1. Set Lys and Arg Cβ to +1 and Asp and Glu Cβ to -1, take the dipole of segment 531-604 about its Cα centre, and tell me which of Phe573, Asn559, Ile544 lies farthest positive.
2. Across segment 401-413, in residue order, what do the Karplus-derived ³J(HN,Hα) couplings come to in whole Hz, using 6.51 cos²θ - 1.76 cosθ + 1.60 with θ = phi - 60° and x for Gly and Pro?
3. Would you work out which of Leu251, Gln413, His474 lies farthest towards the positive end of the dipole of the chain? Charges go on Cβ: Lys and Arg +1, Asp and Glu -1.
4. Classify segment 521-653: rounded, prolate or oblate, from the alpha-carbon gyration tensor (a ≥ b ≥ c, eigenvalue square roots; a/c under 1.5 rounded; otherwise prolate if a/b is larger than b/c)?
5. So if we plug the beta-carbon distance of Gln85 and Glu568 into 1/(1 + (r/R0)^6) with R0 = 35 Å, what FRET efficiency do we get, rounded to 0.05?
6. State to the nearest 20 debye the size of the charge dipole of segment 317-476 about its Cα centre, where the only charges are +1 on K and R beta carbons and -1 on D and E beta carbons.
7. Once Lys and Arg get +1 and Asp and Glu get -1 on their Cβ, which of Ala62, Thr641, Met28 lies farthest toward the positive end of the dipole of the chain?
8. Could you work out how far apart the two model spin labels at Ser508 and Ser461 are, taking each label as a point 7 Å from the Cα in the direction of the beta carbon, and quote it in nm?
Amino acid sequence: MQAYLDDTSFMIKKILKKYFGYDKFRPMQEEVIKSILNGKDGMVIMPTGGGKSLCYQIPAIAMNGIGVVISPLIALMKDQVEALQSNGINANYLNSTQTTQEQNEIIQELESNKIKLLYVSPEKLASREFNYLLSRLNINLFAIDEAHCISVWGHDFRPEYTKMRYIKKQYPNTPVIALTATADPLTQKDIMEQLNIEGAKMYQSSFNRSNLSLTVAPGQERFKSILNYIRQRPNQSGIIYCLSRNSTEKLAEKLRKIGINAGYYHAGLSTEERAARQDDFISDRVPIICATIAFGMGIDKSNVRWVIHYNLPKNIESYYQEIGRAGRDGLNSDTLLFYSYADVLVHKKFIEESSMKEILTAKLNRIQEYCQAKICRRKILLSYFGENLEEDCGNCDVCKNPPNVFDGTTIVQKALSAIIRLEQKVPARTVIDVLRGSNRYEILKNNYHKIKTYGVGKDISYNDWQQYITQMLHYGFISIAYDNGNALKITEKAMEVLKSSKEVDLISLHELTQSTAQNKAKDKLVLGGKEELFEQLRKLRSKIAYRRNTKPYMIFSDNSLKQMAEEEPTTQFEMLMISGVGEYKYEEFGEEFINCIIEFKQKAIKANQNTANSFKLSYEYYQQGFSLEQICKMRNMDQITIVSHLASMLEKGKQVDIYDFVDPLELSRIDNALKMNEGKADAKKIYIYMNEDIEFYKIRICISYLKTMQMQYC
Ligand code: ADP
Ligand code: ZN
């Protein structure tokens with residue numbers, strides 16, 4: 001046994017369990033909390049969903065006084081405060097949306113030391129009255145959330161944030177803790193300088209979000225793929241990011257037309273409309289949202305189960321931040337990015353107009369490389385953030401389905417030759433039409449049907465050609481003249497292929513799209529036939545959220561419901577063992593969930609009884625001497641169902657005369673077949689093994705009969 005008990009460890013674990021219902025700290029959390037409790041400043045860098053909030057919430061709860069949190073977005077503040085309150089922690093915020101009276105009430109509570117965590121905007125912090133208020137209070141820490149906003153190097157600079165450099169001067173003995181998901185060292189250094197906390201200890205957790213699957217699929221037939229994707233994930237909430245406002249609207253409409261409950265969101269909507277749509281999404285009323293990247297900042301919804309990028313994001317940082325909105329509860333979640341060269345062109349056009357052309361192009365190149373990867377995608381992502389992943393992740397499309405490479409030299413040569421014969425003047429579409437021997441007016445008008453390569457690529461579909469041409473672009477064999485009608489041009493590198501027949505590998509991207517859909521069926525959220533209970537619990541959660549005018553994930557996370565469905569807790573003790581069920585939440589709605597589980601179990605027992613009764617009834621008819629055919633009619637059931645009822649009764653020790661169903665020869669043939677299959681009593685296998693020679697129902701009952709006989713002799 002350990003000689004000393006670490007009191008601090010014990011105390012903070014107790015808080016973690018009591019208020020948040022969690023059993024274990026995530027990486028880095030415990031270290032950060034302890035260091036704050038020791039009065040040290042800190043800089044915490046964790047990916048979105050890594051669990052930054054607990055790092056300052058727990059010390060604020062553990063210490064006397066009030067923790068002040070500076071947060072840039074009102075929506076985010078509200079969410080955090082609501083989440084804390086729903087765990088029984090007295091938290092509140094002060095910002096411009098409140099009336100003077102509301103603010104005064106909160107100030108009173110602050111002065112009587114009732115509030116544990118106070119959220120404020122940077123503007124508020126800078127105001128004179130607020131400073132006066134602060135000086136009267138007992139502040140135990142300052143936490144600066146989204147700290148990258150303080151730096152011009154960060155991607156989201158906010159001038160109001162720069163006013164915070166005075167905190168440390170005014171409160172030299174109060175720990176200041178900066179938190180961000182921005183990884184780049186320049187921004188980190190700047191944050192510490194600006195906050196006057198140069199001596200702060202850095203805590204950087206891995207950027208790996210292993211619960212997010214990564215998939216990149218070709219951009220063709222996006223809509224069909226999305227449909228497939230959504231249908232594989234019924235009742236799950238997801239975000240589809242689009243590049244333009246228009247496409248968010250169109251896509252949502254298309255989805256709604258076929259009965260999928262999807263909304264849209266972009267910066268062109270009025271503030272009220274945006275708030276309403278966001279709320280619909282957060283409350284699971286509209287589980288799917290098609291949005292521009294304007295959506296997501298400040299959304300804490302923990303049960304976003306998937307994120308699709310309808311278009312290519314402009315760089316890896318944005319991509320990682322956007323997919324980071326999935327699976328914040330730590331459960332498996334999926335991400336899918338559609339990659340098309342058309343999107344690259346759109347980005348290039350934007351970049352052309354920018355003053356930071358070089359850096360933006362370099363970043364675009366990196367995300368293209370990511371999309372074209374033939375090695376584990378997570379390795380590429382993490383290396384971008386300066387991390388090394390030793391082993392392949394096993395949870396990206398490349399790991400799950402290594403790309404199929406084939407010798408594409410002839411295909412590439414055909415395309416290159418067509419481009420040359422078309423005098424490098426036409427775009428990809430025309431090149432493909434010529435290769436495929438199209439009779440389009442434009443082709444005939446220009447006499448393109450007379451060139452030598454006309455129709456040499458008939459055997460390859462238009463979509464496939466598009467993919468191959470994209471790959472040729474990536475290889476650097478061709479380039480696109482954006483300033484010249486997007487005409488395809490040949491590069492020097494291509495000459496090697498044309499002249500010396502240098503071998504070129506092409507990837508069959510087709511298989512990837514298919515596997516995307518297939519992979520998923522197995523990664524269901526709730527396994528082992530517990531989906532139904534999970535659905536019941538979800539419904540109850542929505543009901544309670546509606547009643548309390550809050551969001552479902554404020555009640556319990558998907559993860560908690562999943563555990564409840566799997567473990568079926570029916571006592572207080574068992575319920576408190578579920579991750580995410582703290583004491584306060586148990587008091588509030590623990591019993592409702594327990595009742596739901598009990599009800600579900602009772603129903604299941606009844607259903608079982610009904611089945612048992614149904615079996616008995618079939619058997620009774622059989623005992624009364626009715627033939628199989630007659631019983632089928634009387635019960636309006638098919639032969640195999642009735643026979644399986646009887647087989648099951650037989651296995652339970654009831655008398656069934658096997659010769660009512662088969663003759664002795666059939667029985668011995670089935671017996672033999674069973675022996676040949678090493679006794680593997682799978683009726684379907686035996687049926688196939690016997691070339692479907694003997695009717696299936698006969699095999700079914702003989703197997704039961706032989707099983708009981710065998711048991712008697714053993
Ligand atoms: P971040 O601010 O880093 O994006 P959050 O603090 O919002 O992340 O945490 C993300 C999710 O993880 C929340 O739902 C939170 O309750 C949960 N979480 C945090 N710490 C733990 C833990 N130790 N065990 C289980 N879940 C946790
Ligand atoms: Zn991988």
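Only the coordinates and a few stated rules stand behind these numbers; no lab work does. Since the model is a prediction, treat every value here as computed from it, not as a measurement. FYI the Cβ positions are ideal-geometry reconstructions off the backbone, even for glycines, and counts take in every protein chain you see.
1. Among Phe573, Asn559, Ile544, the one farthest towards the positive end of the dipole of segment 531-604 is Ile544.
2. Result, rounded to whole Hz: 8, x, x, 8, 9, 9, 6, x, 3, 5, 4, 5, 4.
3. Gln413
4. prolate
5. The pair Gln85/Glu568 has a calculated efficiency of 0.75.
6. In total the dipole reaches around 860 debye.
7. Thr641
8. In this crude spin-label approximation the distance works out to 1.3 nm.
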